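Novice: Quick one: structure below, then a few questions.
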Amino acid sequence: MPVHEKRNGRAHLIQHMRKKKMTKNQVDELVQDLVKCRAAHDLSREDVAREMKVSASTIYKWEKGRSSPTGLSRTAVEQFLKRHR
């Protein structure tokens, strides 16, 4: 993929993040959808983390409510769910 396409893709993600403000409840629902999706497809935290380019411990913290996905991570969760629905 050419460099300018990568930049444009990232710019698109950043614009998407800025437009879409989510409440805490919406973020919690997003994480619960991730948990359900992971279980439905028999994916480990490591599998999900690898695809979203975060650590497995990050996925664990989201699932346990110790932290929440923000910014590009939240967008990565949304895209992951779209690919696996």
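Each reported figure results from applying straightforward, stated rules to the coordinates on display, with no laboratory input. What you see is a predicted model; the values in this text were computed from it and never measured. Ideal geometry is used to build each Cβ from the backbone, glycine not excepted, and the neighbour counts take in all protein chains shown.
Novice: For 58, 70, what ranking results if the residue with the fewest other Cβ atoms within 10 Å of its Cβ goes first?
Specialist: 70, 58
Novice: Which aspartates and glutamates, on any chain, are close to residue 64 with Cα under 16 Å apart, when same-chain ones fewer than 8 places away are left out?
Specialist: Correct list for residue 64: 28, 29, 33, 46.
Novice: Continuing with this model, one more query. Under 13 Å from the Cα of residue 20, which aspartates and glutamates turn up, not counting those fewer than eight places away in the same chain?
Specialist: Qualifying aspartates and glutamates at Cα under 13 Å: 78.
Novice: Along its three principal axes, how long is the stretch 22-84 when you only count alpha carbons? Whole Å, largest extent first please.
Specialist: The principal-axis extents, from largest down, are 28, 21, 19 Å.
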